[in-house]
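Please treat every number below as a calculation from the coordinates, not as lab data. This one's a predicted model, so the numbers in the text were calculated from it and none came from an experiment. Note that we place each Cβ from the backbone using ideal geometry, even for glycine, and neighbour counts take in every protein chain shown.
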Amino acid sequence: MARLNIIEISIDRITDYSSYPGWVECSFYDMNNVKHTFTEKIPVVTTLDLTPEDSFPQKSIIPCKVVKKRKDGDGKKIYTATLYPYGIEYNDETVMFDFLESQVSKWKKPPATG
């Protein structure tokens, strides 16, 4: 079974708290330092019970699917990835993003508690 990849995101603000679950605006940066934003249900991007009274931004992670790996002219590893298979809908309709290797991590299952 393939291991899941993740990228770090910022939960920037609550956009709708009038329904359950609430909605948040999130963002992340690609390898060119371009900011991409998307709106998603709170439980999709965090296990925290966020409210309008919380301070923002909040850090979180989301899964990504790496579809291509390559090196640029300087030998840096570049990963082309999509978050689309996980139901994330982007505000600018872009579905493929280039990340530096350092921006993409393998998901590590948290240790069992209790």
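Our Cα-only numbers for segment 5-106 put the radius of gyration and Dmax at 14.4, 49 Å.
When you filter the GluC sites (Glu not before Pro) in segment 2-60 for DSSP loop state and at most 13 other Cβ atoms inside 10 Å of their Cβ, you are left with 53.
The trypsin sites (Lys or Arg not before Pro) of segment 47-84 that DSSP puts in a loop, and whose beta carbon has at most 15 other beta carbons within 10 Å, are 76. Here the simple spin-label model places points 7 Å from the Cα toward Cβ, and for residue 78 and residue 12 these points are separated by 2.4 nm.
For residue 62, the residues 5 or more places off, or on other chains, whose built amide H falls under 5 Å of its own are 7, 9.
Each Lys and Arg contributes +1 and each Asp and Glu -1, all at the Cβ; summed about the Cα centre of segment 5-106, the dipole is approximately 680 debye.
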